[in-house]
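Below is one structure, written out as structure tokens, with a few remarks after it.
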Amino acid sequence: MSEAVETPGPRLRRERERQGLSVQKAADEMHLDTWVIEALESDTYARVGPAVYARGHLRKYAALLGLPPAEIVAGYEALQLGDQQPQAANVRALVPHSGLHNLPWAGIAGTAIVVLLVAGILWWQPWQQRVPAVAKASPAAETPAADVAAGSGGALASGAAAAANDAPPPIQAAEPAAAAAPASGTPGTAPTEPQSAAAMSAPAQTSAAPGAPELGAGHARLRMSFSADSWVDVRDAKGKRVFAGNGRANSVKSLAGEAPLRVYLGFASGVQLEINERAVAIGPQFVNGDVARFEAGADGILRRDSHNARPHG
């Protein structure tokens, strides 16, 4: 009966001693250290390591001593199971004493619901206050398209009238002749009527003082570099021909005369132009079929030729 409840350690030790083996001899036979034999015989298997090592050493030790390895391992398993049951009981005993079951879950849930309701009311209240304000402001802000269209003419007319009333009186141009000789023929100054801006500006734009200098007038030096063969005809401001002839490729022709110079080029894309030592590009507005015609001013600006007819010899 005692052998049924006997653990593996004492049984192994008793059999070793009965056979007259020392601990060192048993350790040498199993190729282990002596402390492993002592741990097996004292049932302190934690010193050996994991359970797989303990089972292996027990089978080998039982076979060395002539004991049934299955019984020794079964005793080891029963011992391990007995050690684990109290630990499981202790764990189960701790669970009821934990504070989780004692927490007032109903009170916590009620508090959470109340907090959510208060937050929802606080969030919804500002929106409820803004909606009526927007609804009141929308009729004043929105105007039917038909009313706007109908009243647009009157608004524009009234605005134009207000602008006309608020505008300062037009400045009257000085008229020395009218002031010197009154229209009525009587002494005194004849009253003048306001004139429109267009009527006042028209004489200023159309009238030009006699003898005014022409645009681009002055002495101009013309330099033409030819990258291709081209014919050239140049006349001065008085219509006098300055040069007429061909410009050969890879050559340079320099001329001078009173500007604006009337220039005709037979192959404009093959000519590079300089006026008073300043490079000037021949724009496409002066070219028709690669024939260029323009007036070169002394200010270095090209203008359209005011003479439509092509120059004759």
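The values are calculated or read from the model by the stated rules, or taken from the named source; none is laboratory data. Every value quoted in this text rests on a predicted model; they were computed, and no experiment measured them. Neighbour counts run over all protein chains shown; Cβ positions are idealised from the backbone, glycine included.
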For residues in region 245-257 being polar (S, T, N, Q) and over 19 Å from residue 301 (Cα atoms), which is modelled with the lowest pLDDT? 250
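Could you check, for region 4-13, whether at least one of its residues is of a type in the set (Val, Ile, Thr) and surrounded by 14 or more Cβ atoms within 10 Å (Cβ to Cβ)?
Yes, there is a match, as at least one residue in region 4-13 is of a type in the set (Val, Ile, Thr) and surrounded by 14 or more Cβ atoms within 10 Å (Cβ to Cβ).
Can you find, within region 216-243, the residue that is surrounded by the fewest Cβ atoms within 10 Å (Cβ to Cβ) among those that are aliphatic (A, V, I, L, M) and closer than 20 Å to residue 272 by Cβ? Don't jump to the end; show me each part of the working.
Of all residues in region 216-243, those aliphatic (A, V, I, L, M) come to 217, 220, 222, 224, 228, 232, 234, 237, 242.
Among the residues that remain, those that are also closer than 20 Å to residue 272 by Cβ are: 220, 222, 224, 228, 232, 234, 242.
Details: 220: 22, 222: 22, 224: 21, 228: 12, 232: 21, 234: 21, 242: 17.
Among residues in region 216-243 that are aliphatic (A, V, I, L, M) and closer than 20 Å to residue 272 by Cβ, the one surrounded by the fewest Cβ atoms within 10 Å (Cβ to Cβ) is 228.
Are any residues in region 244-275 surrounded by 18 or more Cβ atoms within 10 Å (Cβ to Cβ) and of a type in the set (A, V, I, L, M, F, W, C), and if so, which ones? Even if it seems obvious, please write down each step before you answer.
The initial filter retains those residues of region 244-275 that are surrounded by 18 or more Cβ atoms within 10 Å (Cβ to Cβ), namely 247, 253, 257, 259-265, 267-268, 271, 273, 275.
Result: 259, 261, 263, 265, 267, 268, 271, 273, 275.
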Do the conditions hold for residue 292, that is, is it small (Gly, Ala, Ser) and free of Cβ contacts under 8 Å to residues at least 24 places away in the same chain? no
Look at residue 278 and say whether it is surrounded by fewer than 17 Cβ atoms within 10 Å (Cβ to Cβ) and closer than 22 Å to residue 228 by Cα. yes
Filter region 197-244 down to the residues that are modelled with pLDDT under 60 and of a type in the set (A, V, I, L, M, F, W, C), then identify the one that is farthest from the chain's Cα centre (by Cα). 209
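Please list, ordered by residue number, the strands (runs of 3 or more DSSP E) wholly in region 233-313 having 3 or more residues that are out of contact with any Phe, Trp or Tyr (no Cβ under 6 Å at 6 or more places or on another chain) and not small (Gly, Ala, Ser).
Working: elements: 241-247, 251-259, 261-265, 271-275, 291-296.
Per the criteria, 241-247, 251-259, 261-265, 271-275.
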(1) over 50 Å from the mean Cα position of the chain (by Cα); (2) at pLDDT 90 or above; (3) not aromatic (Phe, Trp, Tyr): which one isn't true of residue 303, the others all being true? (1)
